[in-house]
1. Could you state the number of Å between the C-alpha centres of region 289-322 and region 101-171?
2. Pick from 406, 261, 59: which is most flexible by mean-square fluctuation in a GNM of the chain where alpha carbon atoms under 10 Å apart are linked?
3. Using alpha carbons only, what's the Rg to Rh ratio of region 143-371 with Rh from Kirkwood?
4. Sequence gap at least 6, Cα distance under 8 Å: using those rules, report the relative contact order of region 157-299 to the nearest whole percent.
5. Between residue 186 and residue 401, what is the label-point separation in nm under the 7 Å Cα-to-beta-carbon projection?
6. Calculated FRET efficiency, residue 113 and residue 387, Cβ-Cβ r, R0 51 Å, to nearest 0.05?
7. What list do you get for 254, 233, 93 if you sort them by fewest beta carbons within 10 Å?
8. What's the whole-number percent of alpha carbon pairs in region 377-434 lying beyond 18 angstrom?
Ligand code: SAH
Ligand code: SF4
Ligand code: F3S
C-alpha cells in the first residue's frame, strides 16, 4: 500500500483543496497516514500570502534534507505556483511542484512519479477549468466547503493571489446546487461557499446567475440550516446580498468584508477599486438590515507610503464600523506584485507599533460589542466538547464562539443546533448555558 502525509497551510480555499487532493490520492490507491515519518509521499499544500507563510514550507522541507531518503516530496498550492521549478533548486529532494490550477492533472503526475520520473510539474495557469472531484474527503461531518469560484481578476498592489491562483473561473450554478443537495443528503447542515472573491461569481451556464441568486438558491436547499460565504470584495458587494440575508434565516448573518485601509489615498495606492465612502455605504446597508449582521474585516498596516494620518483614518474607520472582529497584518513585500517596486518604506518596528495600536483599539470594541449579547438566547451549532473546561463549544449564526454548559444532560451534542443563553462575554468569545 502506498502511503501519504499531507500538511496544509493558508486559507480555507487551501483547506478545501486539500480535501479534494486527499480524495484524489485515495482514489489512486494511496492511504493517508498521520505523520510524515510514516509516509512514502509527503505533500505540503502551501500559502504565499505573506513572507512568513511562504517560509514555513521551506523550514519543513529543510527538516527532511538529510533523513528524507526513500521519501517523495511534493509542494502544492500557492508557493508551488509562485516559485515553480526554482523549488527544485532550493530543495533538491522535492520531486513534484504543482499549483492549484493544475490539480486536475494530479492523477497523471502521480503515475509519472510512480514510473520513475524524478521531477514532475503542473504549473500552467492557462485554464478555464475548476477542480472538482466526487472523491472529496471532507474533514468536518457537519460543515462542508463548496468552492464556487477559483482565481482572482483583481490586482490589489500587495497581493500574490492573481499570480498563484490564476484568472477567475466560476462553476455552473447547476453543479453547485447539485453538490449542495448531495451534501444535505449526506447529513451536512452547514455549507460554506468559497472563493477569493465569492461575490464576483458569474454562472457560466445560460442560467447566468449572479452571486446573490446563487446564495438565495443554496439557502433554499432542504436540510441545509446554515450557509456562509467568504470572501466578499467590497467593489462587487451589492445590496441584493444583504436583502437575501434579510429574507432567509438559513443565510448566516455574518459578512466578512475586507477593507484593508480606512484611507482613500491608501486604497487607491493598493488598487482596491473603492473609496472609504463607497465602503461605508456597504456597511450602512448591513447596519440598516432587519437582522443584526456581524461584520468582520481584514486590515493591512504599513503599506508603502502610509502616513500617520492614513493610519489614523483606519483607526477612525474601525471605531465607526465597530467590527465584530478583524484580521490585521503588517504589510509584507511579495514577488511579482505591483507594490514590489515601491520598496518597503515603513520600518518593521513602526509597522509593529501600528499593528499593536490597531489590535488594542479593536479589542476594546469587541469587549463592548460582545457585552450586548449577555442575557440573549442564541442558537448554536455545536462543534465539540472541551474536556478541560467541561463546556461545549458552539458557534452562532454570527460566527461567534459560544462556550456553554449543558447541566444534567449527558448526550452527545456535537452537530446539533441548541439554544444557549449568553451569561458572560469576553473580547473573543461568549459563554453561556443551554436552555431547554
Ligand atoms: N480575496 C480576499 C483576501 C485574500 S488574502 C480579499 O480580496 O479581500 C487575505 C488577507 O491577507 C487580505 O485581505 C489582506 O488583508 C492580507 N494580505 C494579502 N496580501 C498581503 C501582503 N502582501 N501583506 C500583508 N497582508 C496581506
Ligand atoms: Fe488578492 Fe485583491 Fe484578489 Fe483579494 S481581491 S485575492 S486581495 S488581488
Ligand atoms: Fe495563501 Fe494562496 Fe490562500 S496565498 S491565503 S493559500 S490563496
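Quick note: the coordinates plus some simple rules give every number you see, no bench work behind them. Worth saying up front: this structure is predicted, and the values here are computed from it rather than measured. Here Cβ is always computed from backbone atoms with ideal geometry, including for glycine, and neighbour counts include all displayed protein chains.
1. 32
2. 59
3. Values: Rg = 18.4 Å, Rh = 18.6 Å.
Value, to two decimals: 0.99.
4. Relative contact order comes out at 22 percent.
5. 2.7
6. Calculated value: 0.75.
7. 93, 233, 254
8. Taking all Cα-Cα pairs of region 377-434, the fraction more than 18 Å apart is 18 percent.
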